[in-house]
Amino acid sequence: MSMISEALVILRSIKPAGLLVFLAVLISLAAFPLVVESPYAHHIMILIFLSVIMGQSWNILGGYTGQYSVGHAAYFGTGAYTTMMLMQYQQVPPWFGMFAGAATAIAMALIIGSICFRLRGPYFVLASIAAAEILRLSALNTKELTNGAEGILATDIPPLKIGSLVVTDFLTKVPFYYTALVFALLIIAVTCIVQHSKLGFYFQAIREDQDAAHSLGINLNLHKNLSLAISAAFTSLAGSFYAVYIGFIDPTTVLSMDMSVQIVLICIIGGIGTIMGPVVGSLVLVPLSEALRSNLITQGLISAGLVSEESPVGAFLKENLAHAHVLIYGILVVVVILYMPEGVLGFVRNMVRARERSNS
Amino acid sequence: MAILELRHVSKFFGGLAANSDVSFALEEGMIKGLIGPNGAGKTTLFNCITGYYPTSRGEIFFKGNPITGLQPDRVCRLGMVRTWQKVRPLVKMSVLDNVMVGALCRTNSLSAAREIAMEQLRVVGLDPKSGFIAEGLPIGERKKLEMARVLATKPELLLLDEVMGGLNPAESEEIIQLILDIKQRGITQMVIEHDMKAIMRISDRIVVLNSGEKLAEGTPAEIVSNQEVVDAYLGESHA
Ligand SMILES: Nc1ncnc2c1ncn2[C@@H]1O[C@H](COP(=O)(O)OP(=O)(O)O)[C@@H](O)[C@H]1O
Ligand SMILES: [Mg+2]
């Protein structure tokens, strides 16, 4: 009964204009692969969806509950390895494997949480990093199980069948596109539900002030672990998806601190603790890192005629900018953090508010 | 029956005895004043009673049951809740949401919690500000928010830690009326307060702490005429 009335309250709070925009975006996203055929465009969209899943999962723990885990590679890697090992060694199709991955990640989360949540603030951050590093080193050193540093290569993905009907054989990027889209929508929906529930109130109270929350009847351990479990389950889905999509995993990619930091950045850049934050962060970061990686900036400068390809400057940029993409990416991230402490979303919101104020 | 009973409660921080061998009982429906100079151990005693600190020695009973060692959330669910001397609003949340967090202690439904919260905001007179973000509230309203939030947990025993600290006389008077109203509703209260006039006016009984020890206990009239208390604490103001 109360569930229904809650749902009604949420539905009533949705504005028709917002709903229309949402539906329009949804339809465009669903139609995108039918209209645009470029596999590269599909690839970029898939990376954005994947980034939304990762960011939104972290957001539940970091953004809503205020527990800044910099060890989410642990759950990403757990999903990736569970799914990949089951697929390669046991012939379990990934759409079953990913549930096993999520279950394993939840178990992992409860172990890591029971240890790390004893700590607060920067100590929690350090403990979360350490936990993920332990997992990475374990994966490196249990060669019989994980194939160690050589990683695991997916040989072939079994086709998805219902009865004898082949739904998809995963030969193009299109089935991956829709899978990632559905996962992204699912985690966004979960975040919406959490935000409009008792759980969301309790998570945010813990973020704002743990001691106050504790004194008001909130079981800190229970709720931090719940938040982490939800977060870890969806992070592991992202990991499972990544493993099958890329077709190769090793400890230095899926279990690395780079991965953990990348997950946090999606939220910090976009804006933490809001539903749109990770979406905005993904829309900024994925194209940016792709542009830098494929040296689009130099190509742009050259084709715009600003630098000639033969000139020493052009040659230098062409030679070095691609290698320096991590550096530039890092600098840009620092700039955003310095000048937009509430993320791009918060920055835009403040700009709009300032304009409204100066107009009125 | 005593709603709260302390038996030989001590709390040590290293070598410092912030509370030492404190015993008293609190009768249902009463207002108990807790006074003493700065650093006497009043806040520490609240921290021990509500489970925020583990006690070093002694036992605490709430409604006849031992609660020594229980965590603050369990204590709150049992019906005892405290405010913080240094207020702790959930700054990024709205005034209403702050109070709803308290109300959710007794219900799982957001709409029920919203109703309870609005009711308590009306009680403290903060209902016109329900949509404000807590961060922007001035100190007087923060204290009221703190009160509304604990009231929303439907407590049987309220521990108020200097809820009049930093308020002007008019604001203090509002809080005094609020405390008397709460008493009318049958909620037992223990009140830490520095304003002697106020505490003498509202308390049924008073406990005096000094250097962590219970110095005296009695009615306000007994306390002001207690020579030891006058010497140790009331000296200047009541001489
Ligand atoms: N967490 C703590 N660690 C160490 N000492 C503390 C702690 N909390 C309080 N104290 C000390 O205990 C004594 C009593 O403090 P407190 O209970 O805050 O006094 P009051 O509330 O009566 O002013 C003080 O000397 C204070 O410094
Ligand atoms: Mg104090």
Rounded to the nearest 500 deg cm²/dmol, what is the calculated helix-only ellipticity per residue at 222 nm for chain A, with -39500 (n - 2.57) per DSSP H run of length n ≥ 4? -24500 deg cm²/dmol
Using DSSP, restrict attention to beta bridges with both residues in the protein assembly as shown and report what percent are antiparallel, rounded to the nearest 5. 60
Filtered hits (aspartates and glutamates, Cα-Cα < 15 Å from A:Lys143, offset >= 8 within chain) -> A:Asp250
Charge dipole (debye, nearest 20) of region A:36-257; +1 at Cβ of Lys and Arg, -1 at Cβ of Asp and Glu: 360
Expressed as a whole-number percentage, the relative contact order of region B:88-154 with C-alpha contacts under 8 angstrom and at least six residues apart is 49
Magnitude of the charge dipole, region B:15-64, Cβ model with Lys/Arg +1 and Asp/Glu -1, debye to 20: 120
Highest first, please rank the peptides B:104-114, B:165-175 by the mean number of other Cβ atoms sitting within 10 Å of their residues. B:104-114, B:165-175
Partner shielding of A:201-214, as the mean number of partner chain Cβ atoms within 10 Å, equals 6
Specify the residue with the greatest mean-square fluctuation among A:Ser28, A:Ser69, A:Ser260, computed from a Gaussian network of chain A linking alpha-carbon atoms under 10 Å apart. A:Ser28
Inter-label distance, nm, simple model (7 Å from Cα along the C-beta direction), A:Ile331/A:Thr155: 4.7
Peptide B:101-108 - average C-beta neighbours from other chains (10 Å radius): 5
For region B:88-154, which whole percent of the accessible surface, found with a 1.4 angstrom probe, sits on carbon and sulfur atoms? 52
Would you work out the charge dipole size for the protein assembly as shown about its Cα centre, treating the Cβ of every Lys and Arg as +1 and the Cβ of every Asp and Glu as -1, and quote it to the nearest 20 debye? 740
Calculated FRET value between B:Arg185 and B:Phe12, using beta carbons and R₀ = 35 Å, to 0.05: 0.40
In what sequence, highest mean first, do B:136-145, A:209-218 appear when ranked by Cβ atoms within 10 angstrom? A:209-218, B:136-145
Tell me the angle of helix B:169-184 to the major Cα principal axis of chain B, expressed in degrees between 0 and 90 and rounded to the nearest ten. 90
Counting only DSSP beta bridges with both residues in chain B, tell me the antiparallel percent, nearest 5. 55
Accessible area buried, both sides summed, chains A and B with 1.4 Å probe, Å²: 2100
Going by amide H atoms built from the backbone, whose H comes under 5 Å of the H on B:Glu28, apart from near neighbours? B:Ile3
Between exposed GluC sites (Glu not before Pro) in chain A, where DSSP calls loop and at most 11 other Cβ atoms lie within 10 Å, what's the longest gap? A:38-309
Which parts of region A:317-337 would a label at A:Ser311 reach, counting a residue when its backbone N lies under 12 Å from a point 7 Å out along Cα-to-Cβ? A:317
For labels at B:Met1 and A:Thr252 in the simple 7 Å Cα→Cβ model, what's the distance in nm? 6.8
With a 10 Å cut-off between alpha carbons and a GNM built on chain A, which of A:Gly239, A:Gly330, A:Gly273 moves the most? A:Gly330
The extension gain from A:Tyr40 to A:Ala17, computed as 0.36 nm times the residue separation minus the Cα-Cα distance, is 5.0 nm
Any lysines whose Cα falls less than 26 Å from that of A:Lys161, other than same-chain ones fewer than 8 residues away, would be A:Lys173
Go ahead and run the numbers for FRET between B:Ser111 and A:Phe99, Cβ-Cβ distance against an R0 of 41 Å, rounding to 0.05. 0.75
Which of B:Leu137, B:Asn108, B:Met147 sits closest to the plus end of the dipole of region B:92-197, meaning its Cα is farthest towards the positive end, when Lys and Arg get +1 and Asp and Glu get -1 on the C-beta? B:Asn108
Which listed residue (A:Ser13, A:Ser164, A:Cys267) has the Cα farthest towards the positive end of the charge dipole for chain A, taking +1 on Lys and Arg C-beta and -1 on Asp and Glu C-beta about the Cα centre? A:Ser13
Listed residue pairs exceeding 30 Å between alpha carbons, taken from B:Lys11/B:Lys63; A:Lys198/B:Lys144; A:Lys15/B:Lys86; A:Lys15/B:Lys144: A:Lys15/B:Lys86; A:Lys15/B:Lys144
With r as the distance between the Cβ atoms of B:Arg57 and B:Thr219 and R0 = 30 Å, compute the FRET efficiency 1/(1 + (r/R0)^6) and round to 0.05. 0.55
Calculate one ³J(HN,Hα) per residue across region A:304-309 by plugging θ = phi - 60° into the Karplus curve 6.51 cos²θ - 1.76 cosθ + 1.60, and present them in order as whole Hz with x for glycine and proline. 7, x, 6, 10, 8, 5
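The values are calculated or read from the model by the stated rules, or taken from the named source; none is laboratory data. All values derive from a computational prediction rather than experimental measurement. Using ideal geometry, Cβ is built from the backbone for each residue, glycine included, and neighbour counts are taken over all protein chains shown. When the accessible area is computed, the model is the full protein with side chains, heavy atoms only, and any ligands, DNA or RNA have been set aside. Shrake-Rupley method; radii C 1.70, N 1.55, O 1.52, S 1.80 Å.
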